[in-house]
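Structure first, commentary second.
Laboratory data are not the source of any read-out in this text; all were calculated from the coordinates shown. Note that the structure is predicted; figures quoted are calculated from it, not measured. Neighbour counts are summed over all protein chains in view; Cβ atoms, including those assigned to glycine, are modelled from backbone coordinates with ideal geometry.
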Amino acid sequence: MKKDIKIISSFTQMVYGDAIGFLRENTNKDAEFQPFNFHRELDLRMGVSAGQWSDLTELSLIIIKCLMDDQENNRVIVDYNRFQEELKLWNYYRHGGSKAGQQHPLYIDDKRGYGFSRIMGILLANKNFGVAKEESLRQIIYFHRHPQVLLTTLLTAKIVFSLLEKSNQTREEQIDVLKDFLIGLHREELSILQQEAPSKKFILQFEQEKINYLMALDRLKNQWLQPQSSKLDSQGVLMAALENFWRLQEELPLRTELTPMEDQKEALALAYGFYGITSEIKEKDVIATGIKEEDFINSMGDYILKIRNYQVDRKPYKVNQSSVDLFNIEVGSVIKHPILNVTKVVGRREGKYWIEITLETKTGEYKLYKRI
C-alpha cells in the first residue's frame, strides 16, 4: 500500500475507532452504528446521529486546521495563535470544553492525560521524525506534563513512523522497536520543551516511568493483557491500543473488556489509527464505515496529505482583536467569523439552562451550546 494511502487510511480509521468507542461509552453496546443520547453535562442531554464521533476527533480536526506547512525547514507545525482561538470556540461544541490546562492542579501530576489521538494529524503530516516528536510533545504539554504522559506521546510517535516505514512488522518486532527506542531515549531530549530546569522529582519520575514502560512491553510481548476495572493511566491506554491493533491485524475480535468504558474510545481510536497504516486498502478512500460526515472526514485525510507535501502554504493566523458573540446574532444573519469564515446562523433554541444555535459554514453544520 502506498504511503499516501496509508496516511489517509490511518486518519479515517482513527475516527472510526473513536466512533465505536463513543457508541459503547454511551450505550454499552457493540451493535452497528445507531443514534443515541449523549450527556454533555447533567442538565444537557442531546440526541446524536449514527456514527457520531467524540471530542477526540473534534480535537484532532482542530489540530489539523491549525497545521502550517514550512517546506523551507522541512516541517509541519501547529499555529498556536489559531489553536488558542479554536479552543475558545470548542468550549461551545457538542462535546467540547478543555478538561485541563497549565493552570489545572493535575497538569503535572496526572498520569492519564487525554486525547493522544489528536497528535495523529501532526505525526501523519510530518516526514521528519525529529520534528514530529517535538511538535507532538509541544501539543501534549499544552494540557499535561507528567513524564508517563510524555513517554506515551513519544511511543505513539515511534509506532506511527515505524509502521509507515515497515507496515508488516510482527508483534515481537514492533515491541523490540519500542524497547530500543525507550532504552536510547534520554531526558535531555525533552529539555527543549521545559521552561525551567526539571525538578529532581521530574527526573526520578522520568527514569522510573521508562523502566515501567519497558516492563509493560515485556509483559505485552509474552502474554495477552488482562482486563482492567479501574480508570487507566496513559500507559494502560497505549497498551490496550496495541493489543487491539494486533487483534485487528490477526482478524480477531476486539477486546473491549481490557479497558474501563470511559477509556475505550481513546484506546480504540489509537488501535484503528495504527491499523489504518497496515490494512490492505487499495483505493484512496476507505471502505464505507458509516461514520458521521464520512466525506468530510475523508477530505480531512486528503488535507493532511496535501499539507505533508507542502501544497497548502498555510500562513500564520493573525489574532483578531474584535470578538464575535455568535449567540447574539439573529437567525438568518450571515457574518464573517475569524475562525469559521463565512457563517450563517440558521437556528436557535433556548432551554432552561442552555442556548443552542445552529451554524451553516463552508465546511459543514455546527451546533454550539452556551449555558444561560
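Computed from the Cβ-Cβ distance with R0 of 45 Å, the FRET efficiency linking Asp176 to Asn73 stands at 0.90. Inter-label distance, Arg255 to Glu41: 3.9 nm, where each label sits 7 Å from its Cα along the C-beta direction. Orientation-averaged projection of segment 28-87 equals 6.4 nm² [convex hull of Cα atoms, one quarter of hull surface area].
Return the subset of Lys158/Lys201; Lys29/Lys166; Lys166/Lys306; Lys315/Lys370 for which the Cα-Cα distance in this structure is over 29 Å, preserving the input order. As for pairs spanning more than 29 Å Cα to Cα, those are Lys29/Lys166; Lys315/Lys370. Which FRET efficiency, nearest 0.05, do Lys352 and Gln84 yield, Cβ-Cβ r, R0 41 Å? Efficiency for this residue pair is about 0.85. When the helices in the chain are scored as -39500 (n - 2.57) per DSSP H run of 4 or longer and the sum is shared across all residues, what 222 nm value do you end up with, to the nearest 500 deg cm²/dmol? Theoretical 222 nm ellipticity from helices: -15000 deg cm²/dmol.
Between helix 147-165 and the chain there is an angle of about 80 degrees, using the helix long axis and the longest principal axis of the Cα atoms. Sorting the segments 58-66, 29-37 by their residues' average number of neighbouring beta-carbon atoms within 10 angstrom, most packed first, yields 58-66, 29-37. Packing around the peptides 306-316, 118-128, 137-147, taken as the average count of other Cβ atoms within 10 Å per residue, puts them in this order, highest first: 118-128, 137-147, 306-316. The spacing between segment 1-49 and segment 165-233, judged by their C-alpha centroids, is 28 Å. Given R0 = 22 Å, the distance between the Cβ atoms of Lys362 and Ser49 translates into a calculated FRET efficiency of 0.60.
In a fully extended conformation the segment linking Gln223 and Phe327 would gain 32.1 nm over its present Cα-Cα distance, using 0.36 nm per residue.
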